[in-house]
Structures are given as C-alpha cells and as structure tokens.
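A short write-up of the structure that comes next.
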Amino acid sequence: MDLFDDTPDTSDNAPEFTVSELSGAVKRTIEGEFGFVRVRGEVGRVSRPRSGHVYLDLKDDKSVIAGIMWKGVAARQQTQPEEGMEVIATGKMTTFPGQSKYQIILEEIRPAGAGALMAMLEKRKAQLQAEGLFDPARKRSLPYLPEIIGVVTSPSGAVIRDILHRLRDRFPRKVLVWPVAVQGAKCAPEVARAINGFNQLTPGGALPRPDLLIVARGGGSVEDLWGFNEEIVARAAAASEIPLISAVGHETDTTLIDYVSDRRAPTPTAAAELAVPVRMELLAGLRDFDARMTRAVEQRLEQRGQRLRDLGRALPRAETLLEGPRQRLDVMGDKLPAALRRLVDRQRLRLSESAGSLRPGVLSRAIVTERNKLDERARRLHPALQRLVDTRREALMQRGNRLSDRPILREISLQSERLAALSRRLDDSQNTRITDARAKLDALDRLRETLGYKETLRRGYAVVHGDGNVMTSAADAKKASALEIEFADGRLAVGGGKTARKAAKKPPNPPKPTQGSLF
C-alpha cells in the first residue's frame, strides 16, 4: 500500500505510521524526485565550525534553502562562499529528519558570472584597505643587489624560465624556487604557505633565507588569477618580513597581492629586472668612475705640486733662517762657564750656613719633645678605647633584650596551617580529577562496546567469512570454497558437506562492518 494515499481515510482502520517511517518516506520522495539540482541564489548566513564543514543559506527575495558543504568538498572549491555573493550551486536535495526540514547537500559552488566575482573582489579590497594593508608607508624598499632571490611560482611553466633567463642576462644570483599551483583550489593555500615558509628560514642556515621574494604567474582570466585575490594570500604577503615583488598576470591584470606587495611588476620578466641591476652597466659605470677618479687624482696632484713650488719660491733660504739662532748659541756658550761657577759658589754658601745650625744638642731636644708628646697620647688612648668598648657593649645588650623568638614561632605556625590547608585542597582536587577521569574512561569503554561490530551482531546481523576474508557480495560468496557465518553467540560453517557449531571467539582481525557484510 502506498504510504501517501490520495484518498483520505477517516475510519478507525486507517494505518498508523511511526515518525521515523513518515520521515523516511518524505526523504525518499524528495531525493527521488529531484536528485542533483542547480540552484541560483544569494549566499546568506555562512557558518564554519571546527569540524571543517560549511553551513550556509541560499536565498532570493521570497525563499531560503539550507545548504551543507562537507569538509572534503569545501576544500576542493576554487571560490569559498561569502555572505552576499550570488552563486550557482549544484547539489543533491535531501531532508534532515532530526529537525524536520529539507536541505541541499552541495557538491559545487561558483560565482554567478564575472560580475559576482568583481563585487566580491571589491568588497574584500575595501576591507583590506580599511585595515591599512595598502598604505604606502608600510611598503619597504627593495635591496639593491640581493644575494638570494626566492621565487614562488609553478616549476613547469614558462614564467620560471623567463625569470631565470632574465636574471642570468642582467646579474646572476642564487635563486630558490618554491613550487606551487598557480590556479585552482590549491593555489591560495600553497602560495600563502610558500611566503610564510621563506620567512621562517634562518639567515645563513643550511637553506639560507632569501633577501627578496618574487610571486609570479603568467596571464589568464579572472577565474585563473582568482587564487591571488584570496584574503589568505594578501595577508601572507602583507606580513612578509622579506621585501616582495608581485608579478601576476600581464600589465593589465590586477590582483589583491599587487596592492599589498612592496613593488608590483607588470610581467614576471619585469620583476627580474626590478630585482637586480644590469651587471655590464655596473661594470661600465665602475670603469667610468675609475677613469674619472684617476684623472681627478692626477689633476689634484698637479695642482698641489704647482702650489708647493710657488710657496717654495716665497720661502727664505736655510742659511738666512739659521744665522740668528747660531749667533745666540755662540753668545750663550761664552756666558755658560761663568754662570756655572757662580751657581756653585751660591750652593756652597747655603750648605755652609745650614751646616752651622746643625748640632747634636738641638737634635736631642727635638727627639725628647716628640717622645713626650707620644707618651701623652698613649696614656690618653687606653681610657678612650675602654669608653668606646663599654658604649658598644651597652648598645649591643639593649638590642639583644629586644630580640624574641615569639614572632618567628607565630609565623612558623601560620605557615604550617597554610601548608596543611593547601595539602588538603590538593588531595581533594586530585581525588576529584581521578574520579572524573575514571568516569570518562568508563563511558568511553561503554561507547566502544556499543559501537563495536559485536553489538551489531546482537541486533540480529551476521558476518559472512570465506577463504579468510569477509564476503561483501553474492559473487564473492559463490567463488569461496567454504563459508562461515558469524552470529553474536558463535560461528556456523556452511558448505563442503560439513555443518559445525563453533564456540564464539575473537577473530585475529575484527572486520569493520561495511555495506553488504551484515544481513
């Protein structure tokens, strides 16, 4: 009998259906009538939980359809859905009995034409510009002659060959190539990882860190270049500590990475020209500078020599300069002997006068006077030291009287009580954690038993074994030489004229319940 009868039956004999039967019938009807459909609409609410699945709404001016994109499908999408974007979605209609609603399981989602892409691009561009990522003040200057250049591009395209050829012609440098996909769903995450990976290299390490980065790709359509418009790529380029040149597409192509990079090149070849100067031009310039410097030094030396000769002609002769000092030396030489004799006479006279005043009696009186002074000070020193010692001893005794061990004992008692309280809290906390962990472990063990295939066997299912394998189809079962059916309470051999009941035992490798292995 059809579940949905066109003629309503109001008699008491009308069949009764469970909620699950009715929900299953609705599910089969919707999935059978529609199957895969393509829907055009505007993306409403977008939710991305930690599971990686994407939940969204597709709406127009009158209706809303809930949509789900599983984690693996979402990772393959070239364009991620954003709120307000007009898209064309392809998927399968189904129902969710748990909430009594219908929804679409999305397999593909793409913008509804170039207009939707450009609208989304302008919205993202405005957001990044408001955050200051396009500010010219944050852009850094490029190194004049980098030692190592990192290139983020596809290793199999013509772009890397053009860059290497141009660098070899202008100024050969060391080049590190990070291979990435330059279009498709993998483009944006791989380019972002490449930029971050180059920045994480250690300067001077086994794999040295580049002094300059070039992110390059050839021309293409808006869809082909869309990976470089993703927010993850723009933020990675803005956060790069290494100066970065963007060379994506042709001169007329513009992507978000061009706005956040430190310098934009119209083509990959132009990026190589911006990265290094022309070696031959530098050598020619050096030769020109060397010739100019040589001429300037020669002219300077000639001018200095001529100036020196002019000054030399204005100087007097050496004989004229030495005549006056030579005459003064002769005069002083004549006066020196008489001056020395007068000096000796004066020193002899002073010595005689000093020797006349030195007598033993004078020295003895001076010694006695100094000894008396020393004895007087020695007598005064002992009482003074005694008074100082007494004063210090009295002060020490007063301070000792004020010292007591009661504050120390009181502090020890307080700290002991605190230690005992903390110890009790630690024991209680540890016991609580052990109890919670044991309860979680028991729950997980019960869940393991519930989800195991043994529980499935207890509900009336069985597993068919044959030739050491699990039979998943009738064709495989026909080919097997002998079959063995495993029930919840044991195994039963079938075929070969033997039928034996075997005791239940755990198989060496428990089979995973799959479609067709249970019946």
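The values are calculated or read from the model by the stated rules, or taken from the named source; none is laboratory data. On a predicted model such as this, the values are computed, not experimentally measured, just so you know. As a convention, Cβ positions derive from the backbone with ideal geometry for all residues, glycine included, and neighbour counts pool all protein chains shown. Side chains included, ligands, DNA and RNA excluded: accessible areas come from the protein's heavy atoms. Shrake-Rupley method; radii C 1.70, N 1.55, O 1.52, S 1.80 Å.
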**Message:** I'm trying to understand the selection: among the residues of region 235-259, which are touching a strand residue (DSSP E or B) at 6+ places or on another chain (Cβ under 8 Å) and of a type in the set (A, V, I, L, M)?
**Reply:** Ala237, Ile242, Leu244, Ile245, Ala247, Val248, Ile257
**Item:** Of residues in region 250-267 being open to solvent by less than 10 Å² (accessible area, probe 1.4 Å) and in contact with a Phe, Trp or Tyr (Cβ under 8 Å, 6 or more places away or on another chain), the one farthest from Leu225 (Cα to Cα)
**Value:** Val260
**Request:** For Ser423, state whether it is hydroxyl-bearing (Ser, Thr, Tyr) and either touching an Asp or Glu at 6+ places or on another chain (Cβ under 6 Å) or not in a helix (DSSP H, G or I) (or both).
**Result:** no
**Prompt:** Do we find a residue being of a type in the set (Val, Ile, Thr) and out of contact with any Lys or Arg (no Cβ under 7 Å at 6 or more places or on another chain) anywhere in region 290-308?
**Reply:** yes
**Item:** Subset of region 268-285 that is out of contact with any helix residue (DSSP H, G or I) (no Cβ under 6 Å at 6 or more places or on another chain) and modelled with pLDDT of 90 or more - its residue that is surrounded by the most Cβ atoms within 10 Å (Cβ to Cβ)
**Value:** Ala275
**Message:** Cβ-Cβ distance below 7 Å, separation of 6 or more or different chains: which pairs start in region 189-213 with a residue that is part of a helix (DSSP H, G or I) and end on one that is of a type in the set (S, T, N, Q)?
**Reply:** Ile195/Ser240; Asn199/Ser240
**Request:** For Thr456, work out the one condition from (1) assigned to a helix (DSSP H, G or I); (2) touching an Asp or Glu at 6+ places or on another chain (Cβ under 8 Å); (3) in contact (Cβ under 8 Å) with a residue 24 or more places away in the chain it doesn't fulfil.
**Result:** (2)
